[in-house]
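Please treat every number below as a calculation from the coordinates, not as lab data. Note that the coordinates shown come from a computational prediction; the quantities given were computed from them, not determined experimentally. We place every Cβ from the backbone using ideal geometry, glycine too, and count neighbours over all the protein chains shown.
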């Protein structure tokens, strides 16, 4: 989304802009993998972790894609990367064409709760939210685009 926004210079909104999605910091996600490795090394063969129940979801809250896009646009403007970016509808086909298949997710719902990760692994997310990471994401993408 950051790349599309910085190159196309608008805030993309897919569909009605009401799609919700979970988010989790990659380091919080890696903590779940570390806990699973620890359980395997300790020969913990609990049915609560492995087998039919071994589907572990992770999240640290959720966002509405259009709200996140608007926040990103505001942050891009604060950073001086965009000047008064306006919102524009983006169709599914245009999203794929302009930003790749993953951009379709900005118009889809994906909701879960990390109940089992918390209960059976004792996991607790501790890193910052995606909203807090927006300036970092935008700065990194801006730098990548400057190099290309």
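Observations
- Relative frequency of Cα-Cα separations exceeding 19 Å in the chain, percent: 59 percent
- Of the beta bridges in the chain, as assigned by DSSP with both residues counted there, near 40 percent are antiparallel.
- Computed over the chain, the per-residue total of -39500 (n - 2.57) for DSSP H runs of n ≥ 4 gives a 222 nm mean residue ellipticity of -14500 deg cm²/dmol, rounded to 500.
- The slack in the chain from residue 140 to residue 62, taken as 0.36 nm per residue of separation less the alpha-carbon distance, amounts to 25.8 nm.
- Chain lengthening between residue 45 and residue 8 when straightened (0.36 nm per residue, less Cα-Cα): 8.3 nm
- Distance between the modelled labels on residue 148 and residue 108, one decimal in nanometres: 2.2 nm (7 Å Cα→Cβ projection).
- Taking a point 7 Å out from the Cα of residue 115 in the direction of its Cβ, the residues of the range 38-69 whose backbone N falls within less than 18 Å of it are 47-50, 52-62.
- Value of relative contact order over the chain, rounded to a whole percent, pairs C-alpha under 8 Å and six or more apart: 42 percent
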